[in-house]
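Below is one structure, written out as structure tokens, with a few remarks after it.
The values are calculated or read from the model by the stated rules, or taken from the named source; none is laboratory data. In this text, all values refer to a predicted model and were calculated from it rather than measured experimentally. Don't worry about glycine lacking a Cβ; one is built from the backbone with ideal geometry, like all the others, and counts go over all protein chains shown.
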Amino acid sequence: MKIVTFACNWCSYAGADLAGVSRLKYPEDVRIVRVMCSGMVNPAWILRAFRQGADGVVITGCHPGDCHYMVGNYYAKKRYLLLKELMKFVGFEDERLKLLWASASEGKKFAEEMDSFKKLIEQLGEQKQLRWTP
Amino acid sequence: MSVLVVGGGIAGIQASLDLAESGVKVYLVEKLPVIGGRMSQLDKTFPTNDCAMCILSPKLNEVARHENIEIINNADVVALEGSAGNFKVKIRKRPLYVDREKCTGCGVCATLCPVNAVDEYNEGMNFRSAIFLRYPQAVPKVFAIDKSKCIGCGICYNACVAKAVDYNQKEEIVELNVSSIILAPGGRLFDAKKRGEYGYGIYKNVITSIQFERLLSATGPFEGHVYRSDGKVPKRIAIIQCVGSRDEKTNPYCSSVCCTYATKHAILAKEHIPDVEVHIFAMDVRTFGKGFEEYANRAKKEYGVIYHKARVANIMEKKDGNLLIKYEKDGHSYEEEFDLVVLSIGFEANEELRKYSEIFGIDLNEFGFVLTDSFAPIETSKPGIFVAGVASEPRDIPESVAMASASAAKASEFATERSFAKKEEFPPERNVIGEAPRIGVFVCHCGVNIASTVDVVELAEFAKTLENVVFADHVLFACSADTQEKIKRAINDYELNRIVVAACTPRTHEPLFKRTLMEVGLNPYLFEFVNIREQCSWVHTDRARATEKAKALLSAGVAKAKLLEPLQFVEVEVVKKALIIGGGLAGMVSALELAKQGIESYIVEKESELGGNLRHIYYTIDGKNPQEFLKRLIKEVESNPKIKVFKSSVVESVEGFVGNYKSKIKTPNGVEEVRHGAVIVATGAREYKPKEFNYGHPKVITQVELEERIAKGEVPNSVLMIQCVGSRNEERPYCSRICCQVAIKNALKIKELNPDAEVFVLFRDMRTYGFLEKYYEKASKQGVVFVHYTPENPPKVNVNGEEVEVEFYDEILGENLIAKPELVVLSAATVPNEDNEITSKLLKVPLDANGFFLEAHPKLRPVDFSTEGIFLAGIAHSPRLIPETISLSLASVSRAMTLLSKDKLVMDANKAEVTKERCDACGICVKACPVNAIEIVEFKTRTGVELKASVKKAVCLGCGICSASCPKGAIVVKGFTFDQIKSAVDNLLEVVV
């Protein structure tokens, strides 16, 4: 399985770091891309990840109200909801896209959520719908 | 010269950062091995429930990294000589038994240590090792051996790959010359055992509020699960207020923070255990700060938290561990059963203050806190020594932070030289534009931290196979000094123009490597960090799979590095002047402090004279004369050559950005244009003109009007005061904070001038927080009658011709009473100025729901706006008393000085940039930008004029909301461009098997 996680620099990336510092375990399938803000995550990157064969994508940012840039995570949520609609519309399993609020102290939550998302993705199986094959 | 800051809690941290940022060298002395103080133990912070560590940890790292700050940890001040401007301090550095320079903070020692010692950070609820780091995010990230627990087995000594453990380390005495001192040692929490009737230490399910805080925390003893001692999840929690506060036997003053933190605890308990019932027992609910009343309302309405206006007499334990609480309410006694009791313990004076008072020669007050003056709240009794935070009175984080900034302003008056990191230290930058990427990769073992899970040798070999990688190696510690040299040599020998380091997290170590690049003339933005420790080796166990993942991460990092461009720090010239809007107490204090720091300012006052609300204050609760103070201030302001006052004037327009503003001021003599680098908003607030209680009748007046009369010698024989008029209602949900104090002040004044006068106060909660409590006590003792009322059953003021009568319900007698006082005095709300909206639009800064100005962050940035260069002072922020207003005003100066002390502002280069060819000027990005950094401007082209988006680099924060909003990909954030991340994502996935 391949799971791409976009993590904001201020909360979620720090939360993922804390998971590490606390030596909590989660699947190796999770690969984190650091961005400054969840509001920076371009929907095209998400689609690109699916095209490249990602089985799941997670956008993770600060809890509502905690955004370092005040409103970035609200934008992330709006785009996420819209993208889900779009995915459903074209008949793509929208469960493969997840939005997660994780703070810098929620290392455990981060690890647990990654674990459960991996399990969900496993049930869905390999993602072939959007994967590009030459 | 330099400043000594004593105490590394949030106050000491903020003071150090402000000083360091304005070019003053700081020595930060902390008694523990790590900084962070009380705030580091908090789970969430009120009233926003922000995660405490999320907002604290960036500050910790900033302190660790700032070249003007030297942390002296595990140390105390032992002696002081000299006077303001020239102090000589002796500091004792106790041994850590670990070499500060060598320890990388990897933590292998702690995992192997066989000792179980009580974990103070988790308030004794679990164990730590003898070699330990107080908490995972701690700074400095150096382990220390607790010699009282160490058994000397030598396991850590042998396990440490960096050879940092040194059992023979000795105590050291350091001598420093400093020009001023800031005392911020914080407070101590009350020992709940002293209130034996609550059974703390005997009953297992009676815990303190700080223990509850740790239980709630994800890094706490049960990882954020709230359990009782027997592992049961509590279903009924009682929170008891004023344990060790407002108590004759222990501490008579109010601890100010407990009511709001108890509210937080109740809300968080509900979030952790949805079906839990939480009861708070309090004499008065004192949620007086900005947004606190709304917070308590939410606790009641949304979370169903139950508040009892009651004092708990005692607690008895049942066999099953449950607790029976006996309490008094409305004159009756009750008993109720709970399964967990949380005691809201208050602040006490830090035990070290007594020692410091001797060493420093400063006075303490009757409660053992540092003595200050209402008109000089930051100064101690000794010139050159200042105080911040809980050391002078119990206070919450924003007040402590404001005070810390204020103390930084005062302390830097004595620091004559300012020094900034000089750019010339670095060799000229090599031009790499046009060169093909030549990437160097360094893979870190981190001792065994990475190497034990990830095959670093294979990873380095793999790196060599990646496109454009011309050099790859693996190193024991990438952060060590010898590796830095190795990197520099490789850059020169192999003509590298991009560096990728696969090691730990960029959040702590990126600046180190960027600096290394600069030292050999390579642009620091040509660096990419790959996290294979926190996000790989530490979270995985399967070596093959972890190595495979590390390869993917590295491959993504290299792919992104390929597309990195050299970026230039954004530099802005600074006009070293400030514009102050409002000439009341806050504006004048700010201007005078700026003048002391050598900065010119313009005060714009809409009235024809300076002074604002202070003009209507004739005496203070502690017997000071505000009118004399005001006269002195006005004289100082008007005679100061660095201050220009525009009276009967308004600011018409403000253009520009941080460091460079151009404003037009409409004065009676026409429009004046001024240039300045910062703005301080000190527009104040005013007393509400009540619509309720027949205000307007000659016998119904407000507190300000009463004060005016008393000052003229018209002292009434009988007065009935009504609290919360226009506050804490639907229209104005906030608490006006100052009115309880004003009522008591006026009541005491009446009693002083006319001891036989009858004074009644009808109140909802008496909010005489902090040391004000003693005046509440005094008023009660002098016969002022306090009668509680509820908003459901408010008093009625009936008018009958010239006469007024007040009908109110007495809870203890259980009946309605009628009073016919000579005067009915309404404690009217403090309301925001009508023209706040205009100012808000003028400066593009936000207002809160109540119409006061909204600061950048309610906790840690109380006087900053999210727009850089604009600051907030005084009661335009929220209602507050004179000392608090002064503190906030000095704080705004300190924050402004972090800009105005510099000739040029140097900002991070990760900013948004527009590709003009793609931009259609649709304006979506303009709306999306949270700080108004983007504007649509006209560009001249060969074919005419075109509209395009343009980024004000000095304002942009680099969040990238714009880039994801742009339908044409015309705007990107440098360092996180569309292609860079896309390429990283591609490579992250390609190698996955």
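Which of the strands (runs of 3 or more DSSP E) contained wholly in the stretch B:181-255 include at least 3 residues that are buried (at least 18 other Cβ atoms within 10 Å of the Cβ), without any contact (Cβ under 8 Å) to a residue 12 or more places away in the chain and not assigned by TED's automatic domain parsing to the domain that holds B:Glu393? Step through it out loud before you land on a result.
On the way: elements: B:187-189, B:206-208, B:236-243.
By residue number, no strands (runs of 3 or more DSSP E) qualify.
Any residue that is closer than 22 Å to B:Lys691 by Cβ and out of contact with any strand residue (DSSP E or B) (no Cβ under 8 Å at 6 or more places or on another chain) - is there at least one of those in the stretch B:714-722? Within the stretch B:714-722 (the criterion being closer than 22 Å to B:Lys691 by Cβ and out of contact with any strand residue (DSSP E or B) (no Cβ under 8 Å at 6 or more places or on another chain)), the answer is no, since none of the residues qualifies.
If the condition is being part of a loop (DSSP other than H, G, I, E, B), within 14 Å of chain A (Cβ to nearest Cβ) and over 14 Å from the mean Cα position of the chain (by Cα), then the stretch B:35-70 contributes only B:Asp43. Got at least one residue in the stretch B:573-586 being crowded, with 24+ Cβ neighbours inside 10 Å and in a helix (DSSP H, G or I)? The answer is yes, given that some residue of the stretch B:573-586 is crowded, with 24+ Cβ neighbours inside 10 Å and in a helix (DSSP H, G or I). Of all residues in the stretch B:200-222, none are within 14 Å of chain A (Cβ to nearest Cβ), charged (D, E, K, R) and in contact with a helix residue (DSSP H, G or I) (Cβ under 6 Å, 6 or more places away or on another chain). Only residues that are free of Cβ contacts under 8 Å to residues at least 40 places away in the same chain, assigned to a helix (DSSP H, G or I) and either of a type outside the set (Phe, Trp, Tyr) or under 23 Å from A:His68 (Cα atoms) (or both) were counted in the stretch A:89-111, giving 2. Of the set (1) farther than 30 Å from B:Ala20 by Cα; (2) away from chain A (no Cβ under 14 Å); (3) within 29 Å of the chain's Cα centre (by Cα), all apply to B:Gly187 but (1).
Would the stretch B:72-82 turn up any residue that is in a loop (DSSP other than H, G, I, E, B) and either touching a Ser or Thr at 6+ places or on another chain (Cβ under 9 Å) or not small (Gly, Ala, Ser) (or both)? Walk me through it before giving the result.
Pass one, the stretch B:72-82, residues in a loop (DSSP other than H, G, I, E, B): B:73-74.
Still in the list and also either touching a Ser or Thr at 6+ places or on another chain (Cβ under 9 Å) or not small (Gly, Ala, Ser) (or both): B:73-74.
Checked the stretch B:72-82: at least one residue is in a loop (DSSP other than H, G, I, E, B) and either touching a Ser or Thr at 6+ places or on another chain (Cβ under 9 Å) or not small (Gly, Ala, Ser) (or both).
Starting from residues that are touching a residue at least 12 places away in the same chain (Cβ under 8 Å) and assigned to a loop (DSSP other than H, G, I, E, B), keep the ones in the stretch B:816-845 and report whichever is farthest from B:Val787 (Cα to Cα). Only one residue fits best here, namely B:Lys844. In the stretch B:36-54, the residue that is surrounded by the most Cβ atoms within 10 Å (Cβ to Cβ) out of those that are in contact with a strand residue (DSSP E or B) (Cβ under 7 Å, 6 or more places away or on another chain) and more than 11 Å from B:Gln137 (Cβ to Cβ) is B:Cys51.
Among the candidates B:Ala928, B:Ala891, the residue that is touching a residue at least 24 places away in the same chain (Cβ under 8 Å) and more than 25 Å from B:Glu21 (Cβ to Cβ) is uniquely B:Ala928. Flag set for B:Ala954, criterion: farther than 20 Å from B:Ile924 by Cβ, out of contact with any Pro (no Cβ under 8 Å at 6 or more places or on another chain) and modelled with pLDDT under 95.
Here is a list: B:Ala912, B:Ala933. Which entry is surrounded by 21 or more Cβ atoms within 10 Å (Cβ to Cβ), under 30 Å from B:Pro862 (Cβ atoms), at pLDDT 95 or above and within 14 Å of chain A (Cβ to nearest Cβ)?
Working: B:Ala933 fails: at pLDDT 95 or above.
The match here is B:Ala912.
Given B:Ser663, B:Ser649, B:Ser653, which one is small (Gly, Ala, Ser), in contact (Cβ under 8 Å) with a residue 60 or more places away in the chain and surrounded by 15 or more Cβ atoms within 10 Å (Cβ to Cβ)?
Numbers: B:Ser649 fails: in contact (Cβ under 8 Å) with a residue 60 or more places away in the chain; B:Ser653 fails: surrounded by 15 or more Cβ atoms within 10 Å (Cβ to Cβ).
So the residue among B:Ser663, B:Ser649, B:Ser653 that is small (Gly, Ala, Ser), in contact (Cβ under 8 Å) with a residue 60 or more places away in the chain and surrounded by 15 or more Cβ atoms within 10 Å (Cβ to Cβ) is B:Ser663.
Looking only at the stretch B:57-70, residues that are in contact with a Lys or Arg (Cβ under 9 Å, 6 or more places away or on another chain) and under 20 Å from B:Ala218 (Cβ atoms) come to 3 in all.
Would a scan of the stretch A:74-88 turn up a residue that is in contact (Cβ under 8 Å) with a residue 60 or more places away in the chain and surrounded by fewer than 22 Cβ atoms within 10 Å (Cβ to Cβ)?
Keep residues of the stretch A:74-88 that are in contact (Cβ under 8 Å) with a residue 60 or more places away in the chain, which gives none.
No: the stretch A:74-88 contains no residue that is in contact (Cβ under 8 Å) with a residue 60 or more places away in the chain and surrounded by fewer than 22 Cβ atoms within 10 Å (Cβ to Cβ).
Considering only residues in the stretch B:126-136 that are surrounded by 21 or more Cβ atoms within 10 Å (Cβ to Cβ) and part of a strand (DSSP E or B), the one that is farthest from the other protein chains (Cβ to nearest Cβ) turns out to be B:Ile131. Looking only at residues in the stretch B:947-963 that are β-branched (Val, Ile, Thr) and more than 12 Å from every other protein chain (Cβ to nearest Cβ), the one that is farthest from B:Ala556 (Cα to Cα) is B:Val955.
Residue count for the stretch A:56-67, restricted to those that are buried (at least 24 other Cβ atoms within 10 Å of the Cβ) and either in a loop (DSSP other than H, G, I, E, B) or within 8 Å of chain B (Cβ to nearest Cβ) (or both): 2.
Is it true that some residue in the stretch B:429-437 is assigned to a loop (DSSP other than H, G, I, E, B), surrounded by 13 or more Cβ atoms within 10 Å (Cβ to Cβ) and among the small types (Gly, Ala, Ser)? No, the stretch B:429-437 contains no residue that is assigned to a loop (DSSP other than H, G, I, E, B), surrounded by 13 or more Cβ atoms within 10 Å (Cβ to Cβ) and among the small types (Gly, Ala, Ser).
Among residues of the stretch B:964-979 that are more than 8 Å from chain A (Cβ to nearest Cβ), those with a Cβ under 7 angstrom from a residue that is assigned to a loop (DSSP other than H, G, I, E, B) and of a type in the set (Val, Ile, Thr), sequence gap 6+ or separate chain, pair up as B:Ala970/B:Thr915.
Looking across the stretch B:451-491, the residues that are within 21 Å of B:Ala436 (Cα to Cα), in contact (Cβ under 8 Å) with a residue 24 or more places away in the chain and not in a loop (DSSP other than H, G, I, E, B) come down to B:Phe462, B:Ala463, B:Val469, B:Val470, B:Phe471, B:Ala472, B:Asp473, B:Ile487, B:Lys488, B:Ala490, B:Ile491.
Comparison of B:Val530, B:Val539 shows that the only residue that is surrounded by 24 or more Cβ atoms within 10 Å (Cβ to Cβ), within 14 Å of chain A (Cβ to nearest Cβ) and without any contact (Cβ under 8 Å) to a residue 12 or more places away in the chain is B:Val539.
For B:Val139, indicate whether it is within 14 Å of chain A (Cβ to nearest Cβ) and among the hydrophobic types (A, V, I, L, M, F, W, C). So B:Val139 fits the description; yes.
Determine whether A:Phe117 is surrounded by 24 or more Cβ atoms within 10 Å (Cβ to Cβ), in a helix (DSSP H, G or I) and more than 10 Å from chain B (Cβ to nearest Cβ).
Details: surrounded by 24 or more Cβ atoms within 10 Å (Cβ to Cβ): yes; in a helix (DSSP H, G or I): yes; more than 10 Å from chain B (Cβ to nearest Cβ): yes.
Spelling it out, A:Phe117 is indeed surrounded by 24 or more Cβ atoms within 10 Å (Cβ to Cβ), in a helix (DSSP H, G or I) and more than 10 Å from chain B (Cβ to nearest Cβ).
Scanning the stretch A:14-41 for residues being more than 7 Å from chain B (Cβ to nearest Cβ) and not in a strand (DSSP E or B) gives a total of 4.
Selection over the stretch A:14-39 of residues that are of a type in the set (A, V, I, L, M) and over 13 Å from the mean Cα position of the chain (by Cα) gives a count of 6.
In the stretch B:374-405, how many residues are among the aliphatic types (A, V, I, L, M) and part of a strand (DSSP E or B)? Can you show your working first?
Here is the first cut: in the stretch B:374-405, the residues among the aliphatic types (A, V, I, L, M) are B:376, B:378, B:385, B:387-388, B:390-391, B:397, B:401-404.
Imposing the further condition that a residue be part of a strand (DSSP E or B) reduces the set to B:376, B:385, B:387.
Of the residues in that region, 3 qualify.
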